[in-house]
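Everything on this sheet refers to the single structure shown next.
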Amino acid sequence: MAPSLAIEVNGMKFENPFVLGSGPPGTNARVIARSYDLGWGGMVCKTISLDASKVINTNPRYGKLRSREKGEVVGFENIELISDRPFDAWLDDLRQLKKNYPSKILIASIMEEYRKEAWQEITRRVQETGIDGFELNLSCPHGLPERKMGMAMGENPDMVEEVTGWVMEVAKKPVWAKMTPNVGNPATPALAAIKGGANGISTINTILSVIGVDLKTLRPMPTVEGYTVPGGYSGQAVKPIALRHVMEIARAKPGVEISGIGGIETGRDAAEFMLMGASTVQICTGAMLRGYEIIDELKADLTAFMASHNFENLRQFIGKSLEYFSTHHDLVDRQKANREKTAAARGAVRAGKDAETWQGQIAKETDELAAN
Ligand SMILES: Cc1cc2nc3c(=O)[nH]c(=O)nc-3n(C[C@H](O)[C@H](O)[C@H](O)COP(=O)(O)O)c2cc1C
């Protein structure tokens, strides 16, 4: 049987797990419709708030890190804020999208100030449009924390639990809480969101960064009238960090639905996130750099991966690689046991020598570990 990419998550039926992440790929109904036409399984719209007049973007607001050899973009920084489009325009867009694409998954990314009435008002008004779910942006790292929004909430587990709880009191649709990676232990805020009632976790948002310094002008980039602020890092370079965040959360709360985000550009990247426990994946920078058309390639690559392992559906391998995480001490023990087994197979006299050598090496490594 050909592998199926369809998956149901928190009652939402995705025809495939590829979701466009919140950001420029979902700025209005026209571009969202185009992504549906091309075959994306779902979409998280650009984050919206009740009063867009407070959102003022700068130009430039992007910076790129290129590989030394081929010059391709491997890392991307932005200092872009949430959507600056009026709230009512968004409500019209969301309503129209659900009317024209009833079977496509539409998730509304919402953000508000630290006030219960504001979070509950935005939740109520947005869900009247018929959207399928919410993503709470508790994680934008730049600009909005100055107004105690975004990451200012996401890095504080008490606030995460409280704000999620406010939304859950009025939400009639599934809610994913989107996490910031700019914390020490990713599981702490994720568990707080789940305690507050969140149905799933989206991770990661961007990583605080300084993309570089112009060596002619000595100004850090992206430079706006000579100055800058630290921005959010995304793209290929963040993938290892994102994989770790998904893994930590999946291990801390087995079975929780995770939407994996960060540096995904191929179907094989997506498979890695799923092996770490993600049931859907989101792509933002990859679609900005390579276009919405990558969806065909993403689906084909993931299908080929599944076929090569005889997986018929996504649930068969979601979280499958988590069991291979252990402690360093255990790795040393396993290595030692394996070396001893190999040495034993080589013969008693030789074995004694090898084991001595390896035991010496292992003892040294263990001492070094203790010293660190
Ligand atoms: C230009 C830009 C704008 C973004 N705007 C938002 C946003 O409005 N809300 C949000 O939750 N995440 C936003 N993000 C974060 C992405 O959704 C995503 O979490 C992050 O970029 C990592 O994924 P990626 O490497 O696929 O881009 C933005 C990212 C970029 C690059």
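The values are calculated or read from the model by the stated rules, or taken from the named source; none is laboratory data. Note that the structure is predicted; figures quoted are calculated from it, not measured. Reconstructed Cβ throughout: ideal geometry from the backbone, glycine too, with neighbour counts over all protein chains shown.
Things to note:
- Residue satisfying all of: in the range 32-48; of a type outside the set (Lys, Arg) and over 21 Å from the mean Cα position of the chain (by Cα); nearest to the ligand (Cβ to nearest atom) among these: 38
- Residue in the range 307-320 that is under 22 Å from residue 9 (Cβ atoms), more than 16 Å from the ligand (Cβ to nearest atom), among the polar types (S, T, N, Q) and touching a residue at least 60 places away in the same chain (Cβ under 8 Å) present: yes
- Annotation: residue 250 fulfils all but one of (1) among the aliphatic types (A, V, I, L, M); (2) touching a Leu at 6+ places or on another chain (Cβ under 7 Å); (3) not in a helix (DSSP H, G or I); the unmet one is (3).
So that you can scan it fast, the table gives a plain yes or no per residue for (1) closer than 30 Å to residue 56 by Cα; (2) out of contact with any helix residue (DSSP H, G or I) (no Cβ under 6 Å at 6 or more places or on another chain); (3) basic (Lys, Arg):
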residue: 188; (1), (2), (3): no, no, no
residue: 192; (1), (2), (3): no, no, no
residue: 203; (1), (2), (3): yes, no, no
residue: 209; (1), (2), (3): yes, yes, no
residue: 212; (1), (2), (3): yes, yes, no
residue: 224; (1), (2), (3): yes, yes, no
residue: 231; (1), (2), (3): yes, yes, no
residue: 237; (1), (2), (3): yes, yes, no
residue: 247; (1), (2), (3): no, yes, no
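- The condition (being crowded, with 17+ Cβ neighbours inside 10 Å, outside any strand (DSSP E or B), in the same structural domain as residue 287 (by TED's automatic domain parsing) and in contact with a Lys or Arg (Cβ under 6 Å, 6 or more places away or on another chain)) is satisfied by just one residue among 83, 35: 83.
- Of all residues in the range 202-220, one or more are free of Cβ contacts under 8 Å to residues at least 24 places away in the same chain and either under 23 Å from residue 44 (Cα atoms) or in a strand (DSSP E or B) (or both).
- Scan of the range 271-297 for residues that are surrounded by fewer than 24 Cβ atoms within 10 Å (Cβ to Cβ), in a helix (DSSP H, G or I) and in contact (Cβ under 8 Å) with a residue 60 or more places away in the chain, ordered by number: 288, 289, 295, 296
- When 260, 196 are screened for being within 10 Å of the chain's Cα centre (by Cα) and not aliphatic (A, V, I, L, M), only 260 passes.
- Test for residue 308: is it more than 22 Å from the chain's Cα centre (by Cα) and hydroxyl-bearing (Ser, Thr, Tyr): yes
- Identity of the residue in the range 62-88, touching a residue at least 12 places away in the same chain (Cβ under 8 Å) and small (Gly, Ala, Ser), that ends up nearest to the ligand (Cβ to nearest atom): 83
- Contact map, the range 45-61: residues that are in the same structural domain as residue 142 (by TED's automatic domain parsing) and farther than 23 Å from residue 136 by Cβ paired with residues that are of a type in the set (Ser, Thr, Tyr) and more than 13 Å from the ligand (Cβ to nearest atom), Cβ distance under 9 Å, separation 6+ or inter-chain. Pairs shown: 60/223.
- Breaking point among (1) within 14 Å of the ligand (Cβ to nearest atom); (2) in contact (Cβ under 8 Å) with a residue 60 or more places away in the chain; (3) not hydrophobic (A, V, I, L, M, F, W, C), for residue 240: (2)
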